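The values are calculated or read from the model by the stated rules, or taken from the named source; none is laboratory data. Bear in mind the structure is a predicted one, so any value in this text is a computation, not a measurement. We place every Cβ from the backbone using ideal geometry, glycine too, and count neighbours over all the protein chains shown.
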Amino acid sequence: MLILLTKNISMKRSKRRKYHSGISIDQLLAAPLVAAANANSSMAKKQTVFLMESCFDRYSNSEDEDEEEIEEFIYHPKMVTLSMTKNIIVAGTEKYKKPKMNQISTNFQVPILTLIPFNSLSLTDLTVNLDLEIVSQKFRKKSDNGKVIASDGVELSGAVSYKTLGKKQYSRKYSTLSVEMNAGSIPLPVGFTTILDLYTKNINSISIDKKTL
Amino acid sequence: MSEQYIACPNCKNNILFDVNALLSGASFACSKCNAKIKLANESKETVSKSIEEFNSIKTNALKQQSHDKI
């Protein structure tokens, strides 16, 4: 019986000690930052997967179907057809002396990549508001052979803050951590804009024989 | 959203266009040579599918971000 009682007391003490030592502020602040970084990376990954799967056709380059060999792929851009109409003036003939305007239509192909309004979405602003009372601070020290040589930083711990109303101080049962995130467009990666530029600037009209069509 | 341009196959001038308007059948004229470009009927489905997929990726990513809010 006596043993049980002492066990209970020691458990209560350890809980109290834990509460008074507070929560690590480093961990509290790091959590929303890590979540934001994860969101950004998952968005970038999804856009890349979309780009490779929806804008390119993939062909295998390796001839042998050997499993041990690393498979190489060649990506060809998926093409879509646009039609261009323009007016041309046809000189008058002997019969119809007046020149006339004819409308001609030409079909040309462009990579679908050039039509999709790509933009890099990402989290641009992240505001973290933390309402905690700092209850303890520890100085981390580097030691060399038992001798303290330099201070490595401060580790802060926080707990529920007190709310003051007039002269009285009330303790609260909760504390707040608010995170504000804003998503916005950031410039596209240089490699991607270079590919886009190459495709866009190389739309040339070439004549194809009717026989080859 | 940033403006989108495509090179005119006739004169190389940049033609400003909007992909949603292209999908709805609109044509865009070159300011230099007055050539008009529009999406061919056979490609409408392909472009429409890709745009839908791209928009859903963006919407899902934004939803995921709002879930990550603490």
From A:Ile195, A:Ile88, residue being surrounded by fewer than 11 Cβ atoms within 10 Å (Cβ to Cβ) and either within 27 Å of A:Asn40 (Cβ to Cβ) or modelled with pLDDT of 70 or more (or both): A:Ile88
Region B:3-16: number of residues that are within 8 Å of chain A (Cβ to nearest Cβ) and either assigned to a strand (DSSP E or B) or under 21 Å from B:Thr46 (Cα atoms) (or both): 4
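Residue by residue, here is whether (1) basic (Lys, Arg); (2) more than 21 Å from B:Glu52 (Cα to Cα); (3) at pLDDT below 75 holds:
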residue	(1), (2), (3)
A:Lys15	yes, yes, yes
A:Ser21	no, yes, yes
A:Ala30	no, yes, no
A:Ala36	no, yes, no
A:Lys46	yes, no, no
A:Tyr59	no, yes, no
A:Asp64	no, yes, yes
A:Glu71	no, yes, yes
Selected residue (criterion: nearest to the other protein chains (Cβ to nearest Cβ)) from residues of region B:39-57 that are buried (at least 19 other Cβ atoms within 10 Å of the Cβ) and within 23 Å of A:Gln103 (Cβ to Cβ): B:Ser43
